[in-house]
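Take a look at the structure set out below.
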Amino acid sequence: MTRAAFGTTMAFHIIFATLGVGLPLMILLVELLFWRTKDRDYETMAKRWTKAQAILLGVAIPSGTISGVQLSLLWPGFMEVVGKVISLPFQIEIFAFFLEALFMSIYVYAAHRLSPAMRLLSVFMVLVGATASAILITNVHAFEGTPAGFRISNGEIVDVDPWAAFFNPSFFVTAGHVTVSAYMTGAFAIAGVAAWKLLRSEKGGRVYRYHQKALLLGLIVGGSFSLLTALNGHESAQLLHEYQPEKLAAAEGLFETQAYAPLAIGGFTDRETKEVKYAIEIPWALSFLAANRFDEVVVGLNDYPEELWPPLYIHTLFNGMVGIGSLLIVVGFLGFAWKKLLRRSEFPRWVLWIFVASGPLALLGIEFGWIFACTGRQPWVIYRVMKTVDAATAAAGVSTFFWIFLAVYLFLAIVTLLVFRSYFGRHPLELDPHDQPRERTAE
């Protein structure tokens, strides 16, 4: 129940945290486009997306605070190690958040008083602060999978090197993954909303052209970062092969250690028969994924005691994450090809519905990835150092705690949707009726 309570918190928080990193990039890009083209549509996008960012940040702050409190209440054993070894990212993250909040305030409340260059600087610093905050928090997760910078002697933590813990073996790959996946998700969230608006707009009209610009930008940016996410995912698999082989084996349902190991796509892992049923196997592909060579020996689950196996359903999570990421690459290319290569002026409705789905799918992929990353490390909270059962609290009442916070998250989700509907309902889209770009006017 301790894992369920904290997992529910993170599943809720990660939506707002991810969009809070991805949206500032999109705002910065439309600010740059406005500066270059003087097309006021891009200025309007920046203003409206900033309002959405402010609402999301308002929910991310309390949900993030709750997760910090829960770490102390639910995981005392783990926090003892954190306090002595890996507290550095938590401490620096506070300054990253202050940086984001400060420049977000400047951009929201004083943008009309700033020069274009200072506007760009402000939103760039929001992006830097949000990205740094995500990287620093995720670094603690990286440390859990590849712990470094300390050793345990006679039950005591000794030889602590905070910087070695900070720059643990998976730091750079994990930092890259959280960054590019957040940028991808923010872009597809924009694309999904724009596609929905196009379905409800008159074809060829002024509003239709506005949303077309937003959609195309979201698809190009989202598709590009989807490709980068896939490349980074390849590096992540190689890290698992080197540092967490049980996790890689469970992700692919591999039981026997072998060279030329196949990659299993789809299906589900059967513990009794020790096989992945109904999967499509690609010969030799897992060995190549693990080490860029087909004859690489990949360790199977049978080489480890069964009590140290991760939950075998992570194969399904892994497939869901990879499948969504691959689909979004195709979606991004489809949008670019339709407009730029085929030079079609409008998207057909069936294509728009695919684009609408891209936003929720990107968020679902983030959820799959996060659950896979944490669940696949089980039964360890710190890999081969501390088991989850030893890190969790032994206090009673965790079940009540879980249900209370589940109700809080449901309340926050409903309120967030109502705030979005109320604000954008009271502030409908207002566009310059002329098609020609114009210089910024005083506000």
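The values are calculated or read from the model by the stated rules, or taken from the named source; none is laboratory data. These figures come from a predicted structure and were not determined experimentally. For neighbour counting, all protein chains shown are included, and Cβ atoms are generated from backbone atoms with ideal geometry for every residue, glycine included. When the accessible area is computed, the model is the full protein with side chains, heavy atoms only, and any ligands, DNA or RNA have been set aside. Shrake-Rupley method; radii C 1.70, N 1.55, O 1.52, S 1.80 Å.
Points worth noting:
- For Trp380, residues with placed amide H under 5 Å, excluding near neighbours: Thr388
- Sites Arg36 and Ser72 - FRET efficiency at Förster radius 41 Å, r taken between beta-carbons, to 0.05: 0.30
- Here the peptides 89-96, 163-170, 130-137 are ranked by packing, the mean other Cβ count within 10 Å, and the order with the highest first is 130-137, 163-170, 89-96.
- The Cα atoms of the chain cover 72, 46, 38 Å along the three principal axes, with the biggest extent listed first.
- For the chain, accessible area per residue (1.4 Å probe, heavy atoms of protein chains only), Å²: 47 Å²
- Electrostatic dipole magnitude of segment 236-307 [Cβ: Lys, Arg +1; Asp, Glu -1; Cα centre; debye, to 20]: 220 debye
- Residue separation of Thr400 and Arg384 scaled by 0.36 nm, minus their Cα-Cα distance, works out to 2.7 nm of gained length.
- Residue (of Val59, Ile94, Phe78) at the positive-pole extreme of segment 4-98, dipole from beta-carbon charges: Val59
- Working note: Karplus 6.51/-1.76/1.60 with θ = phi - 60° gives segment 176-190 the couplings x, 5, 5, 6, 5, 5, 5, 5, 4, 5, x, 5, 6, 5, 4 Hz, where Gly and Pro are set to x.
- Partner lysines for Lys47 [C-alpha distance under 21 Å; skip if fewer than 8 residues away on the same chain]: Lys38, Lys197, Lys213
- As a length-normalised measure over Cα pairs under 8 Å and 6 or more apart, the relative contact order of segment 224-301 settles at 35 percent.
- Student exercise, the chain dipole from Lys, Arg, Asp, Glu Cβ charges, in Debye to nearest 20: 2240 debye
- Segment 283-361 shape via C-alpha gyration tensor axes, a/c threshold 1.5: oblate
- Separation in nanometres of the label points that stand 7 Å from Cα toward Cβ, at Arg113 and Thr8: 4.5 nm
- Oblate is the label for segment 101-241. Its Cα gyration tensor axes, ordered a ≥ b ≥ c, give a/c of at least 1.5 and b/c at or above a/b.
- The Cβ shell under 11 Å around Leu127 holds other residues with a net charge of -2, Lys and Arg each +1, Asp and Glu each -1.
- For the chain, with +1 on Lys and Arg beta carbons and -1 on Asp and Glu, the positive-most of Ile280, Phe411, Tyr109 along the dipole: Tyr109
- Simple spin-label estimate for Leu308 and Glu430 in nanometres, 7 Å along Cα-Cβ: 6.6 nm
- Counting only protein heavy atoms and a probe of 1.4 Å, the accessible surface of the chain is 66% carbon and sulfur.
- Scalar couplings 3J(HN,Hα) for segment 237-249, obtained by applying the Karplus form with A = 6.51, B = -1.76, C = 1.60 to θ = phi - 60°, are 5, 5, 5, 4, 4, 7, 10, 9, x, 4, 5, 5, 4 Hz; x denotes Gly and Pro.
- For segment 315-401, the dipole from Cβ point charges (+1 on Lys and Arg, -1 on Asp and Glu) about the Cα centre works out to 400 debye, to the nearest 20.
- 3J(HN,Hα) along segment 319-331, derived from phi through the Karplus expression 6.51 cos²θ - 1.76 cosθ + 1.60 where θ = phi - 60°, amounts to 5, x, 4, 5, x, 5, x, 5, 4, 5, 4, 5, 4 Hz, with x in place of Gly and Pro.
- Database remark: amide H of Phe167 closer than 5 angstrom to no amide H (H placed geometrically; neighbours at sequence offset of 5 or more, or on other chains; Pro and chain starts carry no H).
- Relative contact order %, the chain, counting alpha carbon pairs below 8 Å whose residues are six or more apart: 20 percent
- Note on the chain: dipole from Cβ charges, positive end direction compared against Ala249, Ile366, Ala237; the farthest Cα belongs to Ile366.
- Projected onto its three principal axes, the C-alpha set of segment 184-276 covers 61, 27, 18 Å, listed from the longest axis down.
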